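Working notes, structure below.
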Amino acid sequence: MHDELKLLSGAMVTLALATAGLVVLPFIQLKAVPPPPGLKAYTSAQLRGREVYIKNGCIYCHSQQPRDKAQAPDDTRGWGRASVAADYFYDKPHLLGTMRTGPDLFNIGARQPSADWHLGHLYQPRAYTPGSIMPSYPYLFEAKEKADPGDRVVTLPPGFKPVGKIVVATQEVLDLVTYLQGLDHTYPVLEAVEPKKK
Amino acid sequence: MDTVTILLSSFVLSITGLFIFIWSLRKRLFDTSSAAATLIFSPGEIGRGEEPSATPAQLAGLAKRVPSDTHATLTAEQEAELARELALRTDADKSTAFVSFVFLSCAVVWLIVGSLAGLTSSIKLHEPDWLVSQAWLTFGRLRTIHLNIVAYGWAPMSAFGIAMWMLPRLLKTPLIGARFAVLGCMLWNAGLIAGVGCIAAGINDGMEWLEIPWQVDILLIVGGSMIGLPLVYTLQARKVDHLYVSVWYMGAALFWFPILFLIANLPAVHFGVEQATMNWWFGHNVLGLFYTPMALASVYYFLPKIIGRPVQSYNLSLLGFWTLAFFYGQVGGHHLVGGPVPAWLITLSIVQSVMMVVPVLSFSVNQHLTMRGYFSKLLYSPTLRFIVLGGMMYTASSLQGSIEALRSVSTVAHFTHFTVAHAHLGLYGFFTMVMFGAIYFVMPRVMAWEWPYPSLIAAHFWLVVLGFSIYFIGLSIGGWLQGLLMLDATKPFMESVKVTMPYLQSRSVGGAIMTLGHLVFAGHFAAMVLRHGPLRTGAALLHTPAASPLTKLAGT
């Protein structure tokens, strides 16, 4: 049993060290960080929209973590100041993302406040951004002969409407747009909680 | 808490622990003739390679003596002794035939489904209006389905199948408790099918690598624990004193993975940025503490076995094991360079990423020295080709990873397709290649039937090598250009999208060729299972078809 004990205890010690470093210490360090005064909690419509964002995998092409000016020109692109841990106080699960096949969305609400733009863009991204490789999401909309009372009709640039029909937004996509419009972290924060040591 | 203290103490602790372990394991480091390395051979077997997937012509080629081969000719008495040892090994093989067959069959099915999902996702990136009317076919879901099928279907099923088969050979005892593993396999697959269904339906936990809802994960955890039981039982019943290095890798990995998976899936514990660090602690450790050790265990067994020569330096392999265990666990933070995470954590991860050079070089040097003088065997062994190439890709992907973790490189490569190419170099170029080789070795023993069409093995090899080269080279270039343009504030963001188009298309071409290779492999696998093909008589087999797993299944 000599070898097995050495093997298992060693393996567990190494994993414990890694877990302490990457999970437990951040937990202790960040647990007490309060939300910035300018950050509002999500409304229930925004939370529903956030679920739509998650279930359609928006995170695989869009990050939500602008980098510092010193590292990358994210700020110049209008993506906002470098985010800090406190900005994510209400985020469960986190949606930081690891890809920028499309732009960062942490401040898309401030950059693009128009619901019409968002709805049209989700229906057909290439109607607004030629050359975009974002998928279109026709399944979040309904093509109808004529609008019923209460329907949110989507205004589309000429040439992108289905022939003889109008496009109506589903509740799902309306929630998603509410969430995107709410993505606005332009309020000021104190410099990063963690003093950067050079 | 002072962060510099945390960082320093963690680092010092790692290094100290590492040296204590190495010291306790071996007082004579870098000894070239360690007895432990010969554990996987029976007395007198060194110099005789085992290669069940080779044709008689290839076997004759393999049997040619290379200049560095110094083995002695055996007397009749020694030959008889060797034959007895080999008969015992046959018993060990028989005990694992059915359970390995179940795992490997599942693996092949997931490989095909996963490839198709991956290929479709790849095409969608340059044809964004293709297949958009069904929610489950949207890029965000299909890509995730691809990842989960490969990460929790193909990879673990093949790794478990190979591990189950290797263990009894390494411990010189029949496998005990195989039925638990088969039941565990069923639960695991049921969990994965449910999980993939959930993702397709839009029910997911929202974190990369952890999309499967935690409620469904319970099936995987229970299944995984049952798969681990035979390991424990067989270890207890082992008939060897010393554990060969492959057992170390597999044993540790099989304990690491459930802990990683359990902590990562704890509901209502993780929050905000802490959840992000946990996410990448998990994401990277699945690769580093599960797939990597499983594949390395296979290389350390099959490579010496095929060429009939023990690994050059057994101690180097143990150094590789412990340094991997220490450094790899802490590298995950490099996925968040520039993110809103504590600065000390990023620094820690970058340091440990660079330290990964130690285990990687100790493996690479060892593999090279073991193969030195034996490279001609690559001509004759279909299995060896996959395994040696896979081993080289381990070196390549890990060194690339160490460089990629550096802040200046990460600034360009982060958020781009470059990272995607890198991930595939590890999981495909290294892990999957090694598993292909291992499956070609194992299946003739499992089925007591030879691979019916040896030329298909070569076709499979060249298709995946060609396809993956196109995939990797194209996507790396495209990703790097994408990163450079994204950093250029004078260029609009759309430039960074447009520049990737030809490379995304080349990725689909490469992916299609890889998928074709997988179809060849799966077809060949099915033909073998169904006992198709010309019956070849140059038996590379240790035991006769009478004891085949299928007849055993039907009979008892």
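The values are calculated or read from the model by the stated rules, or taken from the named source; none is laboratory data. Keep in mind it's a predicted model, so treat the numbers as computed, not measured. With ideal geometry, Cβ positions are generated from the backbone for all residues, glycine too; neighbour counts draw on all protein chains shown. Ligands, DNA and RNA are stripped out before the accessible areas are found, and what is left, the full protein with its side chains, is counted by its heavy atoms. Shrake-Rupley method; radii C 1.70, N 1.55, O 1.52, S 1.80 Å.
Being over 23 Å from the mean Cα position of the chain (by Cα), of a type in the set (S, T, N, Q) and open to solvent by less than 30 Å² (accessible area, probe 1.4 Å) is the requirement here; does residue B:55 meet it? Quick ask: steps written out before the conclusion?
On the way: over 23 Å from the mean Cα position of the chain (by Cα): yes; of a type in the set (S, T, N, Q): yes; open to solvent by less than 30 Å² (accessible area, probe 1.4 Å): yes.
Yes, satisfied.
Could you go through region A:148-162 and let me know if any residue there is more than 11 Å from chain B (Cβ to nearest Cβ), among the acidic types (Asp, Glu) and assigned to a loop (DSSP other than H, G, I, E, B). So far as region A:148-162 goes, yes, one or more of its residues are more than 11 Å from chain B (Cβ to nearest Cβ), among the acidic types (Asp, Glu) and assigned to a loop (DSSP other than H, G, I, E, B).
Which of the residues belonging to region A:52-109 are without any contact (Cβ under 8 Å) to a residue 12 or more places away in the chain, open to solvent by 30 Å² or more (accessible area, probe 1.4 Å) and farther than 27 Å from residue A:139 by Cβ?
Of all residues in region A:52-109, those without any contact (Cβ under 8 Å) to a residue 12 or more places away in the chain come to A:55, A:57, A:70-73, A:75-76, A:88, A:91-92, A:94.
Add one more test, that the residue is open to solvent by 30 Å² or more (accessible area, probe 1.4 Å), and what stays is A:55, A:70-71, A:75-76, A:92.
Selection gives A:70, A:71, A:75, A:76.
When you scan region B:385-396, do you find a residue that is hydroxyl-bearing (Ser, Thr, Tyr), at pLDDT 95 or above, assigned to a helix (DSSP H, G or I) and in contact with a helix residue (DSSP H, G or I) (Cβ under 6 Å, 6 or more places away or on another chain), even just one? Before you say what the answer is, go through the steps one by one.
Within region B:385-396, the first condition is being hydroxyl-bearing (Ser, Thr, Tyr), and the residues that meet it are B:394-395.
From what's left, at pLDDT 95 or above: B:394-395.
Applying the additional criterion that residues be assigned to a helix (DSSP H, G or I) yields B:394-395.
From what is left, the residues that are in contact with a helix residue (DSSP H, G or I) (Cβ under 6 Å, 6 or more places away or on another chain) are B:394-395.
Yes, the conditions are met somewhere in region B:385-396.
Residues B:504, B:466, B:487, B:519: which one is modelled with pLDDT of 95 or more, surrounded by fewer than 21 Cβ atoms within 10 Å (Cβ to Cβ) and within 14 Å of chain A (Cβ to nearest Cβ)? Only one candidate qualifies: B:487. Selection over region B:43-70 of residues that are over 14 Å from residue B:309 (Cβ atoms) and polar (S, T, N, Q) gives a count of 3.
For (1) open to solvent by 20 Å² or more (accessible area, probe 1.4 Å); (2) modelled with pLDDT of 95 or more; (3) part of a helix (DSSP H, G or I); (4) touching a Leu at 6+ places or on another chain (Cβ under 9 Å), each residue gets a yes or a no:
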| site | (1), (2), (3), (4) |
| --- | --- |
| B:183 | yes, yes, yes, no |
| B:187 | yes, yes, yes, yes |
| B:192 | no, yes, yes, yes |
| B:197 | yes, yes, yes, no |
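Residues of region B:403-420 that are more than 10 Å from chain A (Cβ to nearest Cβ) and either within 20 Å of residue B:488 (Cα to Cα) or open to solvent by 10 Å² or more (accessible area, probe 1.4 Å) (or both): B:403, B:404, B:406, B:409, B:413, B:418.
In region A:67-87, of all residues being of a type outside the set (D, E, K, R) and closer than 20 Å to residue B:417 by Cβ, the one that is nearest to the other protein chains (Cβ to nearest Cβ) corresponds to A:73. Candidates B:423, B:448, B:438: the one that is of a type in the set (A, V, I, L, M) and open to solvent by 20 Å² or more (accessible area, probe 1.4 Å) is B:423. Of everything listed in (1) in a loop (DSSP other than H, G, I, E, B); (2) at negative phi; (3) more than 7 Å from chain B (Cβ to nearest Cβ), the single unmet condition for residue A:47 is (1). Pairing each residue of region B:351-375 that is within 27 Å of residue B:65 (Cα to Cα) with any residue that is of a type in the set (Lys, Arg), provided the two are 6+ apart or on different chains, yields C-beta distances under 8 Å for B:370/B:309; B:374/B:309.
Checking the structure you have, find out if any residue of region B:324-333 is of a type in the set (S, T, N, Q) and open to solvent by 10 Å² or more (accessible area, probe 1.4 Å). Quick ask: steps written out before the conclusion?
In the first step, residues of region B:324-333 are kept if they are of a type in the set (S, T, N, Q); the result is B:330.
When the remaining residues are screened for being open to solvent by 10 Å² or more (accessible area, probe 1.4 Å), the result is none.
Within region B:324-333 (the criterion being of a type in the set (S, T, N, Q) and open to solvent by 10 Å² or more (accessible area, probe 1.4 Å)), the answer is no, since none of the residues qualifies.
Of all residues in region B:105-153, which are in contact with a Cys (Cβ under 7 Å, 6 or more places away or on another chain) and facing chain A (nearest Cβ under 9 Å)?
Pass one, region B:105-153, residues in contact with a Cys (Cβ under 7 Å, 6 or more places away or on another chain): B:106, B:140.
Across region B:105-153, the qualifying residue is only B:140.
Does residue A:87 fit the bill of being in the same structural domain as residue A:61 (by TED's automatic domain parsing), under 18 Å from the mean Cα position of the chain (by Cα) and within 21 Å of residue A:44 (Cα to Cα)? It would help to see each step written out before you state the result.
Values: in the same structural domain as residue A:61 (by TED's automatic domain parsing): yes; under 18 Å from the mean Cα position of the chain (by Cα): yes; within 21 Å of residue A:44 (Cα to Cα): yes.
Here the answer is yes, as residue A:87 does meet what is asked.
Only a single criterion out of (1) open to solvent by 60 Å² or more (accessible area, probe 1.4 Å); (2) under 15 Å from the mean Cα position of the chain (by Cα) is not satisfied by residue A:27, namely (2).
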